[in-house]
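Everything below concerns the one structure shown next.
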Amino acid sequence: MNNRCSHGGLNMRGGRLGLWVLAAVVSVSLPPAAGQEPPETTVLEGALLIDGSGRPPLAKSVLIIEEGKIRAVGKLGAMRYPEGAEIVNLRGKTIMPPLINLHGHLGQTRDGFNAAPHGYTAENLRDQLAKYLAYGVGTVVSLGTDQDFVYDLRAAQRAGELPGARLYTAGRGFGVKGGFPPGGPPKMKGAVDRYRPQTPEQARAEVRELVTHKPDFVKVWVDDDFGRLPKMKPEIFRAIIEEAHQQGLRVIAHVFYLEGAKALVQAGVDGLGHSIRDQAVDADLISAMKARGVFLIPTLVRDESTFAYADPPRWLDDRFFQAGLEIGVLTSLKSSAFINQNRANPDLPKLRAAFEMGKKNLKTLFDAGVKIGFGTDSGPPKRFQGFFEHRELQLMVESGLTPLQAIAAATRTSAEILGANSEFGTLSPGKQADFLVLDANPLDDIHNTEELVAVWQAGKPLPPIAARK
Ligand SMILES: [Zn+2]
């Protein structure tokens with residue numbers, strides 16, 4: 001017999017928090033696991049289901065979860081429910097896979113606004129992974145700014161001891177002495193800087209050191225900050241890429257210029273970690289990226305954030321944005337001192353143009369069939385973890401992708417890039433039961449991904465960001 005929840009009590013109009021609270025009650029009402037007990041099963045019925053594959057959504061769906069995994073997906077009225085399953089009514093809701101951020105950073109700020117030179121701590125990383133997940137970001141790749149204890153956290157998480165967004169890392173990335181990435185190591189005892197090799201031999205030796213930690217990717221920065229900083233020499237990035245490949249690792253590059261992107265693709269880079277922002281991409285780059293299967297992570301929102309605060313963006317008043325803010329940050333963002341400081345940036349016209357070029361190039365590359373992943377470069381000060389991932393979807397749609405295409409990039413394609421598409425990324429049988437429950441359909445308006453009422457991870461509901469305060 002099915003234990004139906006009291007659907008009358010599942011009144012979402014009463015509040016955004018009701019769903020996860022109720023769903024949590026469903027979970028704890030299950031009998032304790034024992035030898036003879038049937039497997040723990042939950043049936044979610046009635047939602048519009050966006051499976052992440054890029055296929056059209058399934059109306060009036062049924063999603064059957066067993067022991068934290070998706071057992072079956074089908075149509076309401078055409079599915080047999082497992083004996084004893086708990087049933088959750090999701091009529092009027094939309095479900096979709098959590099977002100996968102292939103380009104984030106951890107431990108660089110505590111409040112989201114100020115740099116935190118002492119912020120690279122296990123506690124802060126835990127908090128940030130929790131915030132990502134509460135915003136519906138199920139996976140984050142920390143791209144090249146980590147300290148080595150990140151590997152302990154990753155191991156703890158894989159052992160079930162660290163909640164929050166699933167963590168991948170590129171460990172310590174490869175930059176240039178006196179150049180990109182600017183900054184340096186956190187101001188903490190024992191903290192190390194990025195690698196900054198000066199010869200190909202040194203670069204190879206440092207890749208071999210990095211490999212001992214088993215990172216998920218290798219990160220290189222190839223940029224000169226509008227000509228102001230030394231740029232990584234081709235013989236250095238060639239050595240890094242070659243050695244990484246010999247060691248079985250893939251390389252993602254920070255890029256800005258078309259010429260840099262071409263040289264990196266020719267050198268065998270696996271992914272571009274930002275948009276190409278100086279000029280329109282051309283047929284040479286497109287054919288080389290396609291021939292070699294090189295993916296692009298646009299990070300449009302990162303580019304928007306470089307100029308947006310000079311003219312406060314509308315999303316500062318978005319309650320979903322505000323739900324994740326620490327105390328005082330909104331006041332700081334809206335202060336005339338901060339606005340004026342941003343307006344005084346002489347690079348503003350170049351930064352605005354770079355953003356527009358990045359959007360245009362995304363559409364060109366997508367239409368040409370280049371693999372488009374999803375990432376934001378969130379995590380440094382004023383690049384808000386969690387909200388920025390939703391903003392990125394909006395900007396991808398502004399660039400000309402459909403909501404369905406943008407969502408597929410952020411779910412299926414990004415899981416493929418991680419090599420994890422047999423575990424997550426789409427809502428199909430055998431995958432982990434991770435998904436978002438939305439109060440409105442993001443295919444009608446991509447902003448509706450912000451109507452987040454629950455985040456499910458491994459078949460269990462968790463509170464969304466709006467419920468955390
Ligand atoms: Zn970055």
Between segment 397-458 and segment 295-340, how many Å separate their Cα centres? 23 Å
Show that you can apply the helix-only estimate: for the chain, add -39,500 (n - 2.57) for every DSSP H stretch of four or more residues, divide by all residues, and state [θ] at 222 nm to the nearest 500. -9000 deg cm²/dmol
Difference of contour (0.36 nm per residue) and Cα-Cα distance, Thr199 to Ala280: 25.9 nm
Angle in degrees between helix 200-211 and the longest Cα principal axis of the chain, rounded to the nearest 10: 20 degrees
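Find how much the distance from Lys334 to Glu161 grows on full extension, using 0.36 nm per residue of separation minus their present alpha carbon separation; answer in nm with one decimal. Don't skip to the end; give the middle numbers.
Working: separation 173, 0.36 × 173 = 62.28 nm, distance 3.85 nm.
Contour length minus the Cα-Cα distance gives 58.4 nm.
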Would you mind counting up the charge near Lys60? Only other residues with Cβ under 15 Å from its Cβ, with Lys and Arg at +1 and Asp and Glu at -1. +1
Would you work out which of Gly138, Met96, Thr121 lies farthest towards the positive end of the dipole of segment 89-139, given +1 charges on the beta-carbon of Lys and Arg and -1 on that of Asp and Glu, about the Cα centre? Met96
For segment 117-168 versus segment 190-236, the gap between their alpha-carbon centres in whole angstrom: 22 Å
Reachable lysines from Lys69, Cα under 29 Å, same-chain residues fewer than 8 places away excluded? Lys60, Lys93, Lys131, Lys214, Lys371, Lys431, Lys460
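Report for segment 99-418 the percent antiparallel among DSSP-assigned beta bridges with both residues inside it, nearest 5. Could the numbers behind the result be given before it?
On the way: 2 of 22 bridges.
The antiparallel fraction comes to roughly 10 percent.
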Candidates per GluC sites (Glu not before Pro) in segment 125-226, loop by DSSP, up to 13 other Cβ within 10 Å: Glu161
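Quick one: net charge around Gly74, please, counting Lys, Arg +1 and Asp, Glu -1 for every other residue with C-beta under 13 Å from its C-beta. List each step's numbers first, then the result.
Values: positive: Lys60, Arg71, Lys75, Arg80; negative: Glu45, Asp51.
After counting each charged neighbour, the total is +2.
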Excluding same-chain residues fewer than 8 positions from Lys233, which aspartates and glutamates have a Cα within less than 14 Å of its Cα? Glu201, Asp223, Asp224, Glu259
Applying the gyration tensor rule to the Cα atoms of segment 99-418 (axes a ≥ b ≥ c; rounded if a/c under 1.5, else prolate if a/b exceeds b/c, else oblate), the class is rounded
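Values in this text are rule-based calculations from the coordinates and carry no lab data. For clarity, every value in this text was computed on a predicted model and none was experimentally measured. Positions of Cβ are backbone-derived with ideal geometry, glycine not excepted, and every protein chain shown enters the neighbour counts.
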